[in-house]
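Derivation of every value follows stated rules applied to the coordinates shown; laboratory data play no part. As the structure is a prediction and not an experimental result, all values here were calculated from the model. Ideal geometry is used to build each Cβ from the backbone, glycine not excepted, and the neighbour counts take in all protein chains shown.
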Amino acid sequence: MDTRGPLCVGIDPHASLLSAWGLGDDVKGLETFTRTVVEALADRVAVLKPQSAFFERFGSRGIAVLEKAVEEARAAGALVLMDAKRGDIGSTMGAYAQTYLHKDSPLFSDAVTVSPYLGFGSLRPALDAAVINGCGVFVLALTSNPEGAEVQRATAASGRSLAQLMLDHMAAENEGAEPLGSVGAVVGATLGDAGVDLAINGPLLAPGIGAQGATPADLPKVFGAAVGNVVPSVSRGVLRFGPDVTGLRESASRFADEVRAAVSGR
Ligand SMILES: O=c1ccn([C@@H]2O[C@H](COP(=O)(O)O)[C@@H](O)[C@H]2O)c(=O)[nH]1
């Protein structure tokens, strides 16, 4: 993030994008789409975020495309954040941790998104694996979709919102870590003022820029004093400029410039 700027670009091979790129909605189309994005961006953006669902829908052959993309993106110097939003009882979380956060796994990634809504403690195997293996987890706090609020803004027994309760757990995990801890939060860029304490001493993934209507200019309002720790994420907003490699690069570069201007106030 220091050398490349904080932008994260999502790899979301929607059927509609495959079609717009002149590709089939099949494994060959998926492979061409993914390779094009990785070749265009992995040597320049800080983070690439494959959305696992779009690969899983093609079964084992889709997963094979995903494995190759993870390996090639990391080899080109991008961090890979696997957007899989896993969450389960602790014993099953252990298997998810092995899938994404263990070095000998074919899907080993720099970080994975997880859901804490089976209880923050259920994430323990992933939290521990992240620290041991030098990786990260991004925990859902306040998601970018409007439906999220009915759960995430609900009041917990402590009187805090559920999202704040989760953020407080994240802050405890990251306490004392420098420069930032291994536990990040997912907080949508679409929220207006987030209205929670985001001082978790960890990175803040901000999806929702582009197709969901948020812009980089919204980041200071949503994140306040924590804006310097934000990793803004755009998928369709960049991908719609493909398959032209220059189009993809220019679009990512425009978003990166807008983020820089918004965060520095210039
Ligand atoms: O709160 C969340 C968490 C994750 N996402 C994911 O990010 C991308 C957004 O894609 P766009 O095309 O930029 O809208 C997608 O993979 C979501 O599953 C999110 O949107 N909000």
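Things worth noting here:
- Hits in region 98-115 (condition: surrounded by fewer than 23 Cβ atoms within 10 Å (Cβ to Cβ) and touching a helix residue (DSSP H, G or I) at 6+ places or on another chain (Cβ under 8 Å)): GLN98, HIS102, LYS103, SER105, PRO106, LEU107, PHE108, ASP110
- ALA262, sole failed condition from (1) more than 23 Å from ASP110 (Cβ to Cβ); (2) crowded, with 23+ Cβ neighbours inside 10 Å: (2)
- Of the residues making up region 44-75, those that are over 21 Å from THR113 (Cβ atoms) and over 18 Å from the mean Cα position of the chain (by Cα) are GLY59, SER60, ARG61, ALA64, ALA75.
- Counting only helices (runs of 4 or more DSSP H) that sit completely within region 69-175, those holding 1 or more residues that are within 16 Å of the ligand (Cβ to nearest atom) correspond to 90-101, 149-152, 162-174.
- Any hit, region 206-213, residues being part of a helix (DSSP H, G or I) and either buried (at least 18 other Cβ atoms within 10 Å of the Cβ) or out of contact with any helix residue (DSSP H, G or I) (no Cβ under 7 Å at 6 or more places or on another chain) (or both): no
- Scanning region 36-58 turns up one or more residues that are small (Gly, Ala, Ser) and buried (at least 23 other Cβ atoms within 10 Å of the Cβ).
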